[in-house]
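Take a look at the structure below.
The values are calculated or read from the model by the stated rules, or taken from the named source; none is laboratory data. Keep in mind that what you see is a predicted model, and the values were worked out from it rather than measured. Backbone-built Cβ (ideal geometry, glycine too); neighbour counts: all protein chains shown.
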């Protein structure tokens with residue numbers, strides 16, 4: 001289903017979605033993030049990409065899994081705490097980040113489908129925004145199977161055509177959000193479809209960074225486990241973990257108990273994002289650590305994304321958003337690292 | 001009942017046996033489920049135990065599935081959760097979720113001689129397989145146990161071992177000489193070399209500290225064991241137990257899900273990262 005939407009009617013559309021948590025990229029101090037804005041939003045024309053992708057909507061940084069309560073009884077009461085059945089709609093999702101959600105879907109699916117993730121995921125509608133320009137100089141989506149106009153994971157795609165959006169609805173969830181908008185949409189003109197396609201094609205041509213030999217990557221990485229390469233590349237790492245926190249595909253988490261009242265014991269079991277770049281991520285209680293240094297942790301990040309994930313799920317666990325390059329305080333650059341693996345003497 | 005795997009079932013501790021005291025204390029806990037919950041598992045699988053307010057820890061199930069009355073866990077006091085467990089008394093209630101992971105392929109071992117080799121608290125996962133083999137004694141050939149610890153006071157299941165020594169070969173060892181110790185003195189791999197178990201129609205099951213496992217495998221290979229005849233079980237830090245939290249992997253394998261049980265033929269193909 002194709003429609004058009006005048007940009008000045010965008011806020012009208014949001015008003016038609018009162019039952020949803022409506023997320024729109026909001027600028028603060030020069031950076032964008034998806035925030036719940038009620039019905040008072042528009043997508044800023046200067047929007048590039050959010051610091052934290054829509055991952056945070058389907059897999060929040062902190063969430064309660066259960067509560068325990070020992071009042072009066074010998075045995076604690078354990079109460080499952082699933083997320084509320086509240087629909088959410090995220091506007092302005094970049095194709096790399098939507099595709100990333102299809103990758104976290106794989107992790108949280110399978111034999112042990114994660115009930116917390118899926119409760120949110122099934123309630124979340126992703127409204128994409130085709131990149132008219134690569135949002136950053138470090139974008140490399142086209143190297144890892146994506147594109148500035150990619151549709152994977154999106155429910156609706158918006159393409160900016162001057163003062164209006166070309167609106168393509170891809171899924172049933174998307175249809176609901178568009179049909180709720182009712183008359184805010186217009187009918188596309190004859191050449192809108194072509195014009196929209198051209199936006200994506202032109203943006204793709206402007207993606208400057210490419211991973212060399214990306215097709216051989218998994219094979220190249222197969223022989224590199226014991227290479228001194230990882231020592232060389234990880235020397236500057238300060239273990240801050242921003243590469244993986246901000247990665248839209250990274251899904252690792254910790255589970256801890258938080259005590260609210262010590263006696264009688266009442267508290268919550270909480271899941272939080274965790275990070276493979278932290279030394280204690282893998283450290284046994286004995287002190288033994290299978291990944292005891294920066295080299296082994298960088299190796300884990302790269303091999304997980306470009307080898308293990310391929311073996312387990314048939315895809316790179318990277319969508320080329322460039323965040324890990326942009327935000328790394330010491331300049332560790334995943335594209336450079338991958339390029340070097342292609343050339344590395346084994 | 002919720003099918004949410006993160007929600008533990010409640011279980012009462014019905015018995016606690018102090019196996020080892022001191023800095024590396026080990027206690028054996030027997031638990032029964034409350035609320036009519038059940039749990040069926042296979043030898044080698046693990047359970048995620050909760051001490052509410054402290055957290056969770058993945059622990060090998062030491063009792064055999066043939067025992068239906070309780071689950072048994074032998075636990076070294078080590079981190080936050082296991083220390084809290086060691087403070088608990090009979091009647092206390094913990095959480096148990098699982099079972100998780102794969103199992104020892106005991107059906108494939110029928111008719112074979114079984115050699116169990118473990119060190120220290122590494123006996124915990126092996127004990128389940130061993131007890132299951134004893135319970136189905138007719139299915140297997142000779143059963144031998146090689147077990148060692150740093151000192152005689154660090155031996156877990158010592159009483160049980162001494163009783164069993166009357167029925168089958170039990171070869172104990174301690175790392176350094178002690179007055180009154182009549183059995184082997186030295187490391188577990190050296191005891192294996194000393195006792196020379198035959199690889200003919202045999203399966204060896206080993207668990208202990210990583211360094212012990214490494215040298216036990218070398219000792220077994222020297223004796224002529226093939227990679228496919230050697231099984232071990234791997235431990236890594238775990239939070240979810242279902243292959244999602246991302247930390248227990250060895251290469252692309254999540255130990256919680258794809259392991260913890262591996263033949264050496266399988267394990268040697270993976271990166272040495274455990």
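Annotations for the structure displayed:
- Here is the figure for segment A:300-315: residues that are over 13 Å from residue A:239 (Cβ atoms) and more than 9 Å from chain B (Cβ to nearest Cβ) total 6.
- Residues of segment B:259-274 satisfying the condition of being more than 9 Å from residue B:234 (Cβ to Cβ), touching a helix residue (DSSP H, G or I) at 6+ places or on another chain (Cβ under 8 Å) and within 14 Å of chain A (Cβ to nearest Cβ): B:268, B:273
- Residue in segment B:162-176 that is more than 22 Å from the chain's Cα centre (by Cα) and more than 14 Å from chain A (Cβ to nearest Cβ) present: yes
- Residues in segment A:241-253 that are at the interface with chain B (Cβ under 10 Å from one of its Cβ atoms) and farther than 21 Å from residue B:54 by Cβ: A:244, A:250, A:251, A:252.
- Test: residue A:341 is buried (at least 16 other Cβ atoms within 10 Å of the Cβ) and under 20 Å from residue A:253 (Cβ atoms): no
- Wholly enclosed strands (runs of 3 or more DSSP E) of segment A:1-67 bearing at least 2 residues out of contact with any strand residue (DSSP E or B) (no Cβ under 7 Å at 6 or more places or on another chain) and assigned by TED's automatic domain parsing to the domain that holds residue A:103: A:21-28
- In segment A:145-165, the qualifying residues are those that are surrounded by fewer than 24 Cβ atoms within 10 Å (Cβ to Cβ) and not in a loop (DSSP other than H, G, I, E, B), and the one that is nearest to the chain's Cα centre (by Cα) is A:160.
- In segment A:275-287, the residue that is modelled with the lowest pLDDT out of those that are more than 7 Å from every other protein chain (Cβ to nearest Cβ) and assigned to a loop (DSSP other than H, G, I, E, B) is A:287.
- When B:177, B:108, B:162 are checked against the criterion of being more than 23 Å from residue B:59 (Cβ to Cβ) and at pLDDT below 95, a single residue qualifies: B:162.
- Subset tally (residues that are out of contact with any helix residue (DSSP H, G or I) (no Cβ under 9 Å at 6 or more places or on another chain) and either under 25 Å from residue A:116 (Cα atoms) or within 14 Å of chain A (Cβ to nearest Cβ) (or both)) for segment B:8-33: 10
- Residues in segment A:68-89 that are under 34 Å from the mean Cα position of the chain (by Cα), in contact (Cβ under 8 Å) with a residue 60 or more places away in the chain and more than 30 Å from residue A:53 (Cα to Cα): 1 in all.
- Residue A:30 meets the stated requirement of being away from chain B (no Cβ under 14 Å), under 30 Å from residue A:164 (Cβ atoms) and surrounded by fewer than 16 Cβ atoms within 10 Å (Cβ to Cβ).
- In segment A:254-274, residue surrounded by the fewest Cβ atoms within 10 Å (Cβ to Cβ) [restricted to those that are closer than 30 Å to residue A:95 by Cβ and either more than 9 Å from chain B (Cβ to nearest Cβ) or touching a residue at least 60 places away in the same chain (Cβ under 8 Å) (or both)]: A:272
- Residues of segment A:90-106 that turn out to be surrounded by 22 or more Cβ atoms within 10 Å (Cβ to Cβ) and within 14 Å of another protein chain (Cβ to nearest Cβ), as a count: 2
- Total residues in segment A:151-169, condition out of contact with any strand residue (DSSP E or B) (no Cβ under 8 Å at 6 or more places or on another chain) and in contact (Cβ under 8 Å) with a residue 24 or more places away in the chain: 1
- Single condition residue B:194 does not satisfy, out of (1) touching a residue at least 40 places away in the same chain (Cβ under 8 Å); (2) part of a helix (DSSP H, G or I); (3) farther than 22 Å from residue A:288 by Cβ: (1)
- Residues that are in contact (Cβ under 8 Å) with a residue 24 or more places away in the chain, within 18 Å of residue B:187 (Cβ to Cβ) and part of a helix (DSSP H, G or I) within segment B:214-237 comprise B:215, B:216, B:217, B:218, B:219, B:220, B:222, listed in sequence order.
- Checking each residue of segment B:217-235 against the condition of being within 14 Å of chain A (Cβ to nearest Cβ) and over 22 Å from residue B:44 (Cβ atoms) gives no match.
Residue by residue, here is whether (1) outside any loop (DSSP other than H, G, I, E, B); (2) farther than 21 Å from residue B:129 by Cβ holds:
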{"residue": "B:163", "(1), (2)": "yes, no"}
{"residue": "B:167", "(1), (2)": "no, no"}
{"residue": "B:171", "(1), (2)": "yes, no"}
{"residue": "B:182", "(1), (2)": "no, yes"}
{"residue": "B:212", "(1), (2)": "yes, no"}
{"residue": "B:240", "(1), (2)": "no, yes"}
{"residue": "B:246", "(1), (2)": "no, yes"}
{"residue": "B:259", "(1), (2)": "no, no"}
{"residue": "B:269", "(1), (2)": "no, yes"}
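- The lone exception for residue B:211 - which of (1) surrounded by fewer than 21 Cβ atoms within 10 Å (Cβ to Cβ); (2) within 13 Å of chain A (Cβ to nearest Cβ); (3) within 25 Å of residue A:313 (Cβ to Cβ) it fails: (3)
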